[in-house]
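Okay, so here's the structure we're looking at.
Laboratory data are not the source of any read-out in this text; all were calculated from the coordinates shown. Bear in mind that the values here come from a model prediction, so they are computed numbers and not experimental data. Backbone-built Cβ (ideal geometry, glycine too); neighbour counts: all protein chains shown.
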Amino acid sequence: MQYRSIIRILGLLVALFSVTMIPPALISVVFGDGSGLPFVLAFFFCLVTGLIFWYPNREHRKDLKAREGFLIVVLFWTVLASFAALPLLMLEQPQLTVTDAFFESFSGLTTTGATVIQGIDYLPKAVLFYRQQLQWLGGMGIIVLAVAILPILGVGGMQLYRAEMPGPVKDSKMTPRIADTAKHLWYIYLGLTIACALCYWAAGMDWFDAICHSFSTIAIGGFSTHDASMGYFDNGLINIICAVFLWIAALNFALHYAAVSNRSLRNYFYDPELRAFFLIQFILIAICFVVLMQHKLYPDVETTFDLAMFQAVSISTTAGFATDSFSEWPVFLPIILIFASFIGGCASSTGGGMKVIRVLLLYIQGVREVNRLIHPKAVYAVKLGSRTLPDKVVDAVWGFFSAYAAIFLIIMLSLIATGMDDVTAFSATAACLNNLGPGLNAVASHYGDVTDTGKWLLISAMLFGRLEVFSLLVLFTPAFWRS
């Protein structure tokens with residue numbers, strides 16, 4: 001294990017991360033909210049700490065292996081989220097404990113969107129911007145941005161890319177060089193963010209809200225600058241814009257890259273994961289709409305459809321935005337939406353959950369096993385579209401599903417052991433493991449009442465979900481640490 005090389009890289013990344021403290025400090029100056037000092041202090045602390053780690057190890061530029069890649073990715077998220085908590089600890093408003101500050105920073109950077117803060121409307125603008133910025137940086141993964149510049153620093157990036165990028169097939173690259181891949185991903189990501197902000201502004205948001213909500217929309221994060229989330233604006237057009245960009249961000253970014261580079265939408269229409277994703281979306285919207293109409297909770301059809309569509313898209317893509325309290329809907333709907341968050345977005349998207357591609361492969365494999373019972377001697381291949389997948393991919397999906405279920409059960413039972421009721425424990429675990437955010441019962445609006453032990457358990461769930469279980473779980477195996 002190349003520990004000094006790992007320390008050198010982490011030092012560089014922490015030093016680079018210090019730059020993210022500057023925009024909130026500038027926002028504080030522009031709006032005169034007096035909250036800029038913690039961000040300035042955090043900037044110098046991150047910069048100096050990063051340089052201290054980097055300087056003694058600056059000559060260690062050995063090639064990374066897969067093990068080092070996994071370790072750097074895990075350390076990257078834990079270390080940077082910890083440094084991200086620094087300004088939150090030093091703020092006068094809100095006054096957060098150590099546990100709450102870490103919960104908020106990990107929730108932001110992992111794009112979970114769960115919050116311990118109440119009275120968001122009254123927070124300084126710098127704090128509001130910082131929370132949204134954390135989600136935007138975590139959406140595509142700061143590590144992917146770092147990969148784009150690591151070759152310049154003498155470090156190969158493929159190991160980091162394999163450990164970070166979501167999805168069951170991680171060997172494919174959109175461009176021959178990983179740095180080019182990362183850059184193209186970020187160009188697309190930035191372009192979508194700008195387009196989303198302009199649409200929000202044109203629909204009636206002010207510039208500050210438009211930029212902040214575009215950050216959390218494209219990141220599929222769910223943080224808002226208002227306690228009422230998207231419901232604050234009470235604007236049907238804004239809801240539609242949000243849903244559309246959530247759909248776009250929940251698609252495989254490789255499809256976006258292909259569409260931009262080939263100037264053709266052809267790949268969208270032939271992608272089996274995309275078709276399965278939208279089929280699930282439309283079924284969920286229809287179910288929510290029909291059930292809400294039957295219960296006559298809202299005065300007219302237009303309002304009912306608007307709320308049904310928005311909440312179905314927001315929860316199932318793991319964004320967690322709200323226009324109404326979905327936890328107060330007929331109990332069937334909150335439960336089915338929580339379960340939908342387990343599916344989440346497509347592979348290589350900013351969405352959470354297990355990913356549509358894995359659920360689709362589990363379904364195809366299930367059908368194959370049923371057919372084998374009927375025709376034991378027949379040979380059935382697992383096909384995704386026209387492509388036959390090797391058995392190792394199917395085995396990996398089953399392994400992932402088993403690990404995901406095991407982590408979910410362990411964390412949920414641990415939360416119940418802390419005194420949390422079963423419905424709250426179930427929904428909180430699902431919301432954090434799927435990087436969704438809002439849950440049911442005691443965590444429907446915020447997580448401020450959860451015990452400190454419960455919050456640390458949920459932080460671990462956020463990390464497992466963001467790193468897709470195996471990237472973190474592999475560190476707990478003895479074989480990983482053998483030289």
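Annotations for the structure displayed:
- Calculated FRET value between THR78 and SER386, using beta carbons and R₀ = 41 Å, to 0.05: 0.50
- Among the trypsin sites (Lys or Arg not before Pro) in the range 25-128, those located in a DSSP loop and surrounded by at most 16 other Cβ atoms within 10 Å of their own Cβ are ARG58, ARG61, LYS62, LYS65.
- In this simple spin-label model, placing a label point 7 Å from the Cα along the Cα-to-Cβ direction at both SER264 and ALA202 gives a separation of 2.8 nm.
- Global form of the range 186-288, assessed from the alpha-carbon gyration tensor, a/c cut-off 1.5: oblate
- Residues whose placed amide H lies under 5 Å from that of LEU384, excluding near-sequence neighbours: LEU389
- Estimated [θ] at 222 nm from DSSP helical runs (n ≥ 4, -39500 (n - 2.57)) normalised by residues in the chain, nearest 500: -20500 deg cm²/dmol
- Net length gained if the chain between THR453 and ASP180 were fully extended (0.36 nm per residue, minus Cα distance): 94.1 nm
- For the range 380-483, the list of trypsin sites (Lys or Arg not before Pro) that fall in a loop by DSSP and count at most 15 other C-beta atoms within 10 angstrom reads ARG482.
- Spatially proximal lysines relative to LYS183 (Cα-Cα < 26 Å; intrachain offsets below 8 disregarded): LYS62, LYS65, LYS170, LYS173, LYS355
- From phi via Karplus (6.51, -1.76, 1.60), per-residue ³J(HN,Hα) for the range 46-53 in Hz, x at Gly/Pro: 5, 4, 5, 4, x, 5, 5, 6
- GluC sites (Glu not before Pro) lying in DSSP loop within the range 27-110, provided at most 12 other Cβ fall within 10 Å: GLU59, GLU92
- Relative contact order computed over the chain (Cα-Cα under 8 Å; 6+ residues apart), in percent: 16 percent
- About its Cα centre, the dipole of the range 392-481 is roughly 240 debye, where the only charges are +1 on Lys and Arg Cβ and -1 on Asp and Glu Cβ.
- From the Kirkwood radius over Cα pairs of the chain, Stokes-Einstein at 20 °C and 1.002 mPa s returns a whole-number translational diffusion coefficient of 93 µm²/s.
- If you take all other residues with their beta carbon under 15 Å from the beta carbon of HIS60, and give Lys and Arg +1 and Asp and Glu -1, the sum is +3.
- As a length-normalised measure over Cα pairs under 8 Å and 6 or more apart, the relative contact order of the range 392-481 settles at 27 percent.
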